[in-house]
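Participant: Below: one structure in structure tokens.
Where a number appears in this text, it was derived from the coordinates with a stated rule and is not lab data. Every value quoted in this text rests on a predicted model; they were computed, and no experiment measured them. Every residue, glycine as well, gets a Cβ built from its backbone with ideal geometry; the counts of neighbours run over all protein chains shown.
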Amino acid sequence: MDMLKILSELPGAPGREEKVRDYIRSKVDGLADEVSVDPMGNLICRVKPTIKGDEKAKKVMLACHMDEIAFYVRSVDDNGFIRLQQLGGFDFRNLFARRVRIQTRDGGEILGNLNPSGKPIHIADADERNKIPKMHEFFVDTGLPKDEVKAKIRPGDPVTLVQEFVEMGDMVSGKCLDNRVACWVGVRLLEALSEAKSAYDIYVVFTVQEEIGIRGATTSAYGISPDIGIGVDTTLAVDIPGVPGEHQITNLGDGVAIKIMDSYAISNRELVDEFIDLAEAKKINYQMEILPLGGTDAAALQRARSGARAIALSIPTRYIHTVTETVHKDDLYATVELLRAFLEQ
Ligand SMILES: [Zn+2]
């Protein structure tokens, strides 16, 4: 889990995925036939077919997004407090008393505390205690003199949450496991493929800007024009207190989730059946997933050019879009195994 710890702790705001990309690039060195970065910043790793068939090899594109929900500096006020622009779907109830990291333009990093404006509980009245602040009410305090803040930090500097990655029993927990777990799966899969044979022309793509509207997958899928697209992402595991059974999506530890649909894409029926049959034949733990709201890069793969057969595989995740995102290690291994089994056919 050392690689996942590093991936989880790296900052990768949408549009500023370079640190994650550089790290993945160092891990896939020698594992792919071609490695390139496209104009938007997607990292494309191609493994050419090792089994020759009669027909032209079908292109399979996997998409694993590198970005995380984050912020950009919006402005610095006269007292040196920083206001933020959000990128991605935060639940503001989870943004109180957070440590953040600001990446400055000289390549440095400045730590700060994120809090909503207003009074502490001791002096707040009942109304103030109960209200959930809006994004514009949050600010970052770096502890630096205002002149230094103004000199070092400018609008557009990325701001990401800070959280240590930990192993807890069979689980791992940390920030942005959405979607660094898929980055981990992508690298592990490339390692596995380097010792396997496949009739497919495989593109494992580490995409950018998923959290703000699957933007990197849209352009990279256009360029690659896959026959089959597979999105790899996290999904909700709400197997926790307070969520009744009829609202369950997936269960932690019950295996990789084969997505039937979410609100952006309906998985190709034959691919769903193929993945189920494979999982059963290979005795890989799996579960089915229907997600009422949300989407993944699979939606972009499906709509590339004149369309592709597409599906998403999901890793069940508790407390999604918080810094305590939690996944089960067995579900990670099951995801790699099922993808490998599919690509080796
Ligand atoms: Zn995601």
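Participant: To the nearest 20 debye, what is the magnitude of the charge dipole of the chain about its Cα centre, counting +1 on the Cβ of each Lys and Arg and -1 on the Cβ of each Asp and Glu?
Facilitator: 740 debye
Participant: Hey, another quick one. Under the rule of at least 5 residues apart or a separate chain, name every residue whose amide H is placed under 5 Å from the amide H of Ala310.
Facilitator: Under 5 Å from the amide H of Ala310: Gly229, Asn268.
Participant: For the chain, build the charge dipole from Cβ charges (+1 Lys, Arg; -1 Asp, Glu) around the Cα centre, then report which of Leu293, Ile123, Pro155 sits farthest towards its positive end.
Facilitator: The one lying farthest along the dipole's positive direction is Pro155.
Participant: In whole angstrom, note down how far apart the Cα centers of region 120-137 and region 294-312 are.
Facilitator: Using only Cα atoms to place each centre, the spacing works out to 42 Å.
Participant: Could you tell me what fraction of 2.2 N^0.38 Å the Cα radius of gyration of region 1-119 comes to, as a two-decimal ratio?
Facilitator: Against the empirical 2.2 N^0.38 Å value, I get 1.43 for region 1-119.
Participant: While we're looking at this one, here's another question. Restricting to bridges with both residues inside the chain, how much of the DSSP beta-bridge set is antiparallel, in percent to the nearest 5?
Facilitator: 60 percent
Participant: What are the lysines whose alpha-carbon lies under 18 Å from the alpha-carbon of Lys282, with same-chain residues fewer than 8 places away excluded?
Facilitator: Qualifying lysines at Cα under 18 Å: Lys197.
Participant: Work out the length of the dipole vector of region 70-161 about its Cα centre, built from +1 on the beta-carbon of each Lys and Arg and -1 on the beta-carbon of each Asp and Glu, and round it to the nearest 20 debye.
Facilitator: Here the size comes out at about 200 debye.
Participant: Can you give me the relative contact order of the chain as a percent, contacts being Cα pairs under 8 Å and 6 or more apart?
Facilitator: Normalised by residue count, the contact order of the chain is 23 percent.
Participant: Please give, to one decimal in nm, the separation of the simple spin-label points placed at Glu195 and Glu34, each 7 Å out from Cα toward the Cβ.
Facilitator: Those two pseudo-labels are separated by 2.7 nm.
Participant: Project the alpha carbons of region 70-161 onto their principal axes and report the range along each, largest first, in whole Å.
Facilitator: On the principal axes, region 70-161 reaches 44, 29, 17 Å in Cα extent.
Participant: Toward the positive end of the charge dipole of the chain, about the Cα centre and with charges on Cβ (Lys, Arg +1; Asp, Glu -1), which of Thr317, Ala196, Gly143 goes farthest?
Facilitator: Of the listed residues, the answer is Gly143.
Participant: Using a Cα distance threshold of under 26 Å, what count of lysine pairs results for region 70-161 when pairs must be 8 or more residues apart or interchain?
Facilitator: 6
Participant: How large is the charge dipole for region 1-151, taken about the Cα centre, if only the Cβ atoms of Lys, Arg (+1) and Asp, Glu (-1) carry charge, to the nearest 20 debye?
Facilitator: 360 debye
Participant: Still on this structure: Residue farthest toward the positive end of the dipole of region 45-179, with Cβ of Lys/Arg at +1 and Asp/Glu at -1: which of Gly169, Thr50, Leu95?
Facilitator: Thr50
Participant: Mind sorting Tyr222, Tyr286, Tyr333 by how few other Cβ atoms lie within 10 Å of their own Cβ, fewest first?
Facilitator: Tyr222, Tyr333, Tyr286
Participant: Step by step: find N for region 75-115, compute 2.2 N^0.38 Å, then divide the Cα radius of gyration by it. What's the final number?
Facilitator: In units of the globular-protein estimate, region 75-115 measures up at 1.28.
Participant: Apply the Karplus curve 6.51 cos²θ - 1.76 cosθ + 1.60, θ = phi - 60°, to the phi angles in region 110-115 and return the couplings in whole Hz, x for Gly and Pro.
Facilitator: For region 110-115, the Karplus curve yields 10, 8, x, 10, 9, 8 Hz.
Participant: Let me ask another. Using alpha-carbon positions, what is the distance between the centroids of region 139-162 and region 223-275, in Å?
Facilitator: 38 Å
Participant: Where does the chain land on the Kirkwood hydrodynamic radius, alpha-carbon pairs, in angstrom?
Facilitator: After inverting the mean inverse Cα-Cα distance, the result is 20.9 Å.
Participant: Separate question: Ratio of Rg to Rh for region 214-278, alpha carbon only, Kirkwood?
Facilitator: Here the Rg-to-Rh quotient is 1.04.
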